[in-house]
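Quick notes on the structure that follows.
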Amino acid sequence: MAVLQIARMGHPVLVRGAEPVVDPCAPAVRRLVADMVDTLGQEQGVGLAAPQVFVPLRVVIFFVPAGRGGEAVPLTTLVNPVIEPLSDDREDAFEGCLSLPGLMGLVGRYLHIRYRGFGLDGKLIEREAHDFHARVVQHECDHLDGILYPMRMADLTTLGFTDEIRARFAARRHDDEDKEAPAA
Ligand code: NI
């Protein structure tokens with residue numbers, strides 16, 4: 001296992017899209033995920049997609065920490081994930097990304113989704129997700145399609161360096177504290 005280097009916005013691996021994994025149970029996929037878990041822990045993020053470690057495959061990992069306003073979700077690996085919105089309801093919240101270190105921005109996401117993907121044991125994982133859980137999964141799966149969160153932003157004036165944005169939106173952040181997403 002190893003901590004991997006993270007691709008930063010501007011590198012082509014982040015925008016070209018990722019290929020489906022042929023065999024989710026392959027040892028190489030297990031090794032990749034082990035390294036991604038180490039990397040996520042080192043970076044103290046909540047999610048990571050394989051293209052962010054220069055591997056253009058459809059693999060994401062994420063978890064939802066306790067105290068995010070919904071249920072905590074243990075560290076989950078999804079191979080070849082698919083997302084389906086279950087409602088048109090969307091919400092704006094701040095997001096960060098390990099590929100855009102030091103930045104954050106306000107991003108609209110679906111509030112209620114269903115997602116499916118394969119675990120490393122080859123079994124289908126199918127869940128409904130709300131709120132922060134739904135947001136993290138949408139953010140990570142976007143990476144597989146070459147989409148970084150600024151590409152989802154309706155108002156680029158809310159994109160900025162974390163300390164500046166926090167100072168500017170202090171009132172909002174106070175109201176909305178549990179919705180602000182850490183880097184993913
Ligand atoms: Ni990200």
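The calculated FRET efficiency for the pair Asp155 and Ala34, based on their C-beta separation and a Förster distance of 41 Å, comes to about 0.60. Report the percentage of all Cα-Cα pairs in the chain whose separation exceeds 26 Å, rounded to a whole percent. Percent of Cα pairs beyond 26 Å in the chain: 25. Can you tell me the orientation of helix 131-144 relative to the chain, as the angle in degrees between its alpha-carbon axis and the longest Cα principal axis, to the nearest 10? Tilt of helix 131-144: around 60 degrees.
Excluding ligands, DNA and RNA, what is the solvent-accessible area per residue of region 33-81 at a probe of 1.4 Å, expressed in Å²?
Values: 1770 Å² over 49 residues.
The answer is 36 Å² per residue.
Using 0.36 nm per residue and subtracting the Cα-Cα separation, the extra length available between Leu124 and Glu71 on full extension is 17.0 nm.
For region 28-184, the carbon plus sulfur part of the accessible surface works out to 51%, probe radius 1.4 Å.
Take the Cα of Ala26, step 7 Å toward its Cβ, do the same at Gln42, and the gap between the two points is 2.4 nm.
With a Förster radius of 45 Å, plug the Cβ-Cβ distance of Thr162 and Glu84 into 1/(1 + (r/R0)^6) and report the FRET value to the nearest 0.05.
Details: r = 32 Å, r/R0 = 0.71.
Here the calculated transfer efficiency is 0.90.
The values are calculated or read from the model by the stated rules, or taken from the named source; none is laboratory data. Because the structure is a prediction, the values reported are computed rather than measured. Heads up, the Cβs are rebuilt from the backbone with ideal geometry, glycines too, and the neighbour counts pull from every protein chain shown. Just the protein is used for accessible areas: all its heavy atoms, side chains included, with ligands, DNA and RNA removed. Shrake-Rupley method; radii C 1.70, N 1.55, O 1.52, S 1.80 Å.
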